[in-house]
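Presented below is the structure to which this report refers.
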Amino acid sequence: MTVLPGAEPFRHDGGGTGVLLCHGFTGSPQSLRPWADFLAARGLTVSLPLLPGHGTRWQDMEPTGWQDWYAEVDRELHALRDRCARVFVLGMSMGGALALRLAAQHGDAVSGIVVVNPAIALHGAASKALPVARHLVRTTKGLVGDIAKEGAFEVGYERVPLRAAYSLGHLFKVVDADLPQVTQPLVLLHSPEDHVVPPSDSARVLGRVSSTDVTEILLEQSYHVATLDHDADRIFEESLAFIGRLAPSVGKEGTATGG
């Protein structure tokens, strides 16, 4: 399998604070790479894995399911915990759902969560047809590339395998049931104009988690893939400030510089 240019996983060995970044459904690490680079440059240990079935061709995604995607980020969390005193989990879209499940499942092993336009439900008539449609049709049109910024692009699939989309629906049900078990500090950033995930998903996350340290930030200038959009710098800075507040050693260890 040949990985699409830019979709490669990324890891950086930094200081004693770790960050795990989770990308979205049919997307790739490319959508979060600037965020990962920003945090790595400031001395954090960073892991940005490529989820199974992603970053190559949609046919490779077809036989995978949510358990495969979750298992990958779960393994990365354990690896970070082996070498870091604190680990934060960050995610966008479906990656936000994976981050929330990690937090619910692992408790104190996750020091905090940052999610951008988190997805926790399938919407629309097409989603209701998935149980039958997945046996009749292999794919539907893609979801990637919802970006307001001119010239920006997202590396991902132009087609969505319906079998994988059906599994995604199961992930969302599991995560929705898990949300009350999320107690960690949380930053949720979301775009009022998002053509992939409606604002109701963010509202449901905020309404169901048990976290008491919660910050909600609106990304007024961006669409769904906000980490590649006009508000990207704000996402990066807000996440660093959040991590630095909870892990005061950040910025004081390693040889990182700004930029």
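Residues whose amide H lies under 5 Å from that of residue 217, counting only those 5 or more places away or on a different chain, are 188, 189, 190; hydrogens are built 1.01 Å from N in the peptide plane.
Each Lys and Arg adds +1 at its Cβ and each Asp and Glu adds -1 at its Cβ; summed about the Cα centre, the chain shows a dipole of about 600 debye.
Calculate for the chain the 222 nm mean residue ellipticity that helices alone would give, adding -39,500 (n - 2.57) per DSSP H run of length 4 or more and normalising by residue count, nearest 500 deg cm²/dmol. Walk me through the numbers before you get to the answer.
Details: 9 runs with 96 residues, N = 259.
Counting only the DSSP helices, I get -11000 deg cm²/dmol.
Among 155, 19, 116, the residue with the largest mean-square fluctuation in a Gaussian network model of the chain, with springs joining Cα atoms closer than 10 Å, is 155.
If you take every residue apart from residue 177 with its C-beta less than 13 Å away from the C-beta of residue 177, what net charge results, scoring Lys and Arg +1 and Asp and Glu -1?
Here the charged neighbours net out to +2.
Please give the charge dipole size of segment 1-132, origin at the Cα centre, charges +1 on K and R Cβ atoms and -1 on D and E Cβ atoms. Round to the nearest 20 debye. Numbers along the way, then the final one.
Working: 10 positive and 11 negative charges, 51 e Å.
Using Cβ point charges on Lys, Arg, Asp and Glu, segment 1-132 gives about 240 debye.
Positive-end ranking of 151, 1, 100 along the dipole of the chain, with charges on Cβ about the Cα centre, is headed by 1. Seen through its C-alpha gyration tensor, with square-root eigenvalues sorted a ≥ b ≥ c, segment 1-87 comes out oblate because a/c lies at 1.5 or above while a/b is not bigger than b/c. Summing Lys and Arg as +1 and Asp and Glu as -1 over all other residues whose Cβ lies under 15 Å from the Cβ of residue 144 gives a net charge of 0.
Which Cα, out of 225, 243, 174, lies furthest along the positive dipole direction of the chain (beta carbon charges, K/R +1, D/E -1)? Most positive-ward Cα: 174.
Add +1 for every Lys or Arg and -1 for every Asp or Glu among the other residues with Cβ under 13 Å from the Cβ of residue 76, and state the total. Show your work: numbers first, answer last.
Numbers: positive: 11, 75, 81, 83; negative: 72, 74, 82.
Overall, the nearby charge balance is +1.
Laboratory data are not the source of any read-out in this text; all were calculated from the coordinates shown. Values in this document were obtained by computation on a predicted structure and should not be read as measured data. Cβ: placed from backbone, ideal geometry, glycine included. Neighbour counts: every protein chain shown.
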